[in-house]
């Protein structure tokens, strides 16, 4: 039986069976309320630097002196702790890029950074702590949240760079002829030469990993993001930790953030995940290679989750050619504390530094130190400096970091190559020492000599043999071929994997005859990583060697045939149909009953048919259920596949059932028995995710539906909501959209299904409203009547926009009282108004007037039309919201039709007859065209105008008189700047993470009078980008802030220039766009004319930003 088989099943089954993430059982966290954090026992957090030193931190590293270096919008800063008290005293600017650097790595005084769309190199040759000039651009990497990210110096002296699926890493980045990946897809990992002139792609198929790190064996680990929109759907990919597989595709194939459809880790052509986390937004990753933390944390992996503010830790255990580990929560925020971690580093003293920021949130750096019973002893990390020079180089903490290299590298150069050659050959040395000696020889001394290589491949420790295989791939010695061929047959799978990877990397230096033997002995190996490496090497075989291998595979075990099938697919990626792969897979299927081998066979058949239909699927929900290439004209082939795999369904293996039915859905099947078997998979115990899969399969299958299939499908559809318990209703989720697609097809294929849905005992549930809206007109009206009865019976029946839409099928006289009764629910008002405005009654006038202030223009327009249907009302109080809407529309050229209707309503209610001819007037002129009716309103109803057209504060006429008295030419910018800071303006409108709009060039866009009116009444012309959202919590609290991030589980909001809150969706009763600004009123109160002139003079000095 293959190794890792049991865990492989758990990885695949977690989503299908609703299993929780495989997290370790760590002790309960200890709260630190003063910092808003809960941390693992024995550790204490402290604040190293706060927002005033570095706002909105994106990335962090340590320079060669061990100083913290952080980046954010428009800055790269060095944080200085001059007095050594553990708190930063000052921040100095190292560089000022246009954007925010997403990755930082020092190599001596030189900084490598991913910034402004490039991998760049900043030099500080004079050592003054500031870049000597503009950066040197090395390789393009698209900037952005899914763009170029972390940079690290590797154990071979090259630089490694990771990018997300919008970084645009392509074949142009693979400048080396023997690049492991020639045509990268989605996010990828680059290896860049020390001089920055050459690069190769080491791995690809990632969504959006922000960071990565190396462990003591030189293996790479990263944390990749999920696609939250697909949460709960069968193709949802959770956030996942990877042991990065060299030269392999990790499953993600698409750019952007809206679509998923990644290949799962249980597929034959995809590396398995180290661990699946679930919902998360991965950022920083660091391998702990220090001694201050207890042994449990040594060589383990820390990883950050920005969305939920968690710090994860995963101890790494060797498992064949890869690793195993159970994730633990090391730290997380308390309550609504806005801890949004972006990066982490291990400090020279062994503590963990974690930065927070992102999306204009508070910037800070926290330190996590071990303070347990042996914490004092562990803090004495400098004891390492007293060791003998050789030991100091071999056991340096965090040896790849700039500050560590600054300490051990000069010693290594003094000791010379021979010292490390002796370590490699010494059988009494610990494996860690021999591994590190091999890395130092590879990094600094041009690789292993022939004698050192001979000694390394004979080492007792498999770790040393594996690292020797890696080194020979980086710097091949003259006898490297026989050494690697021997290691390819090593008893240890880790050694085999490394040897096969190096052979493939060096295939241009090998004789064709050398490639076949290592392939032949590893195609059927029980370890998946070994088989993947063997398949890659087999794909490189010359034609004659490939023919020879194929002949041998005809009598090989099923595992070897399947690896051969994968190699065949990789040999000819350009083929739409990969018949060679298909024949291998069909042959292997017939020669095994092992469910895991058959699972691989099914996957390879799907791959042979062109994989998923990622481009132009019939509908989005069918992307993974349609073949990549149409099967027209290949009916015989489709029938052959059906006849081969159909008898194996159903089996006792959930994953095999899932993939067999996916394949049958792709090739099309109308067998009545299969329809019954598929419908029998829905039970009260199956998850909604698994049920959705079989609903999608059923929607692809042809043939008449037997009555039992119809009844089961109806029960499955209506049972989804009960199983999900409302989880599918979160914001930004695709569940209901995709369910509507599948249910719509099922209703078309089965005319009896609509009636069966209505007969379901639990049909009348709020989660089934999307289904009710899909029914034909007659049944939709019956469904609306059923839901109305439920509302009448149960006053607590949950109301929603979908329910209001459904009730719109009924006459207004039946639903009006119930609609009106929901007016107290602010989150429903827009939808209520859209219904009530069509046939309004006089008692709904107040509602329609309130609707004029809606942030949705379609709602405002419906309310204007509704008010025009009501009798004229000449009340000045009711004219105020009409005037307010007219003033708003005069600043928004897009809504010409609504502006015309609003003016008509204004004229009717006021008894005036203002005429406006726009004739395509630009925005500035538009305001002047609509000034007459608004001036009339101000003059006729001054008190109402002040309330309607401005916020509380200085009365507008008082302010107007003050502004007229100002001599704007006599202001002093220096005094104005002081006022700018005294009044708190700089907190939100200056710096690198402003909460309000950029004020540079503001005096060129506004006159002095208009500008100060905007300052006095900040909510009057509120731009949508800066409109806050009001959240009403179940405990009665109200939160007002700008939404920084939204997910199905909650929100991250910015409530002030250095204040971030995390709101759990379970605690929130309602939320809606606010009509008030975060900017406080009264900022001009108490100022004299010369103060205003000074402030204006300073604002004039803020020149527009140029690029």
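Only the coordinates and a few stated rules stand behind these numbers; no lab work does. Quick caveat, the model's predicted, so the values are computed rather than measured. Glycine also receives a Cβ, built like all others from the backbone with ideal geometry; neighbour counts cover every protein chain displayed.
Taking the 0 to 90 degree range and rounding to the nearest ten, how far is the long axis of helix 1089-1100 tilted relative to the main principal axis of the chain, both from C-alpha atoms?
The answer is roughly 40 degrees.
Which FRET efficiency, nearest 0.05, do residue 1000 and residue 1030 yield, Cβ-Cβ r, R0 30 Å?
0.50
Arrange the following residues from fewest to most other Cβ atoms within 10 Å of their Cβ: 661, 371, 543.
543, 371, 661
Could you work out how much longer the chain between residue 639 and residue 732 gets when fully extended? Use 0.36 nm per residue separation minus the Cα distance between them, nm to one decimal.
29.5 nm
Indicate the gyration tensor shape class of the range 960-1100 (rounded, prolate or oblate), computed on the Cα atoms with a ≥ b ≥ c the square roots of the eigenvalues: a/c under 1.5 is rounded; otherwise a/b larger than b/c is prolate and the rest oblate.
prolate
Can you compute the FRET efficiency between residue 873 and residue 385 using 1/(1 + (r/R0)^6), with r the Cβ-Cβ distance and R0 = 60 Å? Round to the nearest 0.05.
With a Förster radius of 60 Å, E is 0.10.
Could you sort the peptides 1045-1057, 752-764, 221-233 by per-residue average Cβ neighbour count (10 Å cutoff), highest mean leading?
221-233, 1045-1057, 752-764
With the crude spin-label approximation of a point 7 Å out along Cα→Cβ, what separation in nm comes out for residue 47 versus residue 961?
So the two model labels end up 4.5 nm from each other.
Which residues does a label at residue 652 reach in the range 569-611, if reach means a backbone N under 12 Å from a point 7 Å past the Cα toward the Cβ?
Inside the label zone: 595.
So what's the angle, to the nearest 10 degrees on a 0 to 90 scale, between helix 431-444 and the longest Cα principal axis of the chain?
80 degrees
With an 8 Å Cα cut-off and a minimum separation of 6 or more residues, compute the relative contact order for the range 875-949 in percent.
Relative CO of the range 875-949 lands at 42 percent.
Classify the range 263-313 as rounded, prolate or oblate from the Cα gyration tensor: take a ≥ b ≥ c as the square roots of its eigenvalues, call it rounded if a/c is under 1.5, otherwise prolate when a/b beats b/c and oblate if not.
Judged from the Cα gyration tensor, the range 263-313 comes out oblate (a/c at least 1.5, b/c at or above a/b).
Given points 7 Å out from each Cα along the Cα-Cβ axis, report the residue 1066 to residue 818 separation in nanometres with one decimal.
3.1 nm
If R0 is 30 Å, what FRET efficiency do you get for residue 428 and residue 81 from their C-beta distance, rounded to 0.05?
0.10
What is the distance in Å between the Cα centroid of the range 600-663 and that of the range 890-909?
So the separation of the two Cα centres works out to 56 Å.
What list do you get for 420, 1090 if you sort them by fewest beta carbons within 10 Å?
1090, 420
Could you work out the relative contact order of the chain? I mean the mean sequence separation of Cα pairs under 8 Å and 6+ apart, divided by the number of residues, in percent.
8 percent
On a full-extension model of 0.36 nm per residue, what is the gain between residue 458 and residue 759, subtracting their alpha-carbon distance, rounded to one decimal in nm?
101.0 nm is the gain from fully extending residue 458 to residue 759.
Could you check what % of the DSSP bridge pairs in the chain are antiparallel, to the nearest 5?
DSSP beta bridges in the chain are roughly 100 percent antiparallel.
Cut-off is 10 Å between beta-carbons; in what order do 858, 600 appear when sorted fewest neighbours first?
Final ranking by Cβ density, sparse to dense: 858, 600.
Any idea what angle helix 595-608 forms with the longest principal axis of the chain, computed on alpha-carbon atoms, 0 to 90 degrees, nearest 10?
70 degrees
Taking the Cα centroid of the range 743-785 and of the range 327-355, what is the distance between the two, rounded to the nearest whole Å?
Value for the Cα centre distance between the two parts: 49 Å.
Quick one: compute the contact order of the range 36-381, relative version, from alpha carbon pairs under 8 angstrom and 6+ residues apart, as a percent.
With pairs under 8 Å counted, the relative contact order is 16 percent.
Residue 970 to residue 594: extension gain in nm, 0.36 nm per residue of separation minus the Cα-Cα distance?
So the chain would gain 126.6 nm between residue 970 and residue 594.
Classify the chain as rounded, prolate or oblate, taking a ≥ b ≥ c as the square roots of the eigenvalues of its Cα gyration tensor: rounded when a/c is under 1.5, otherwise prolate if a/b is larger than b/c and oblate if not.
oblate
Taking the mean number of other Cβ atoms within 10 Å as a proxy for protection, how do you rank 532-540, 481-489, 346-354 from highest to lowest?
Descending mean neighbour count gives 532-540, 346-354, 481-489.
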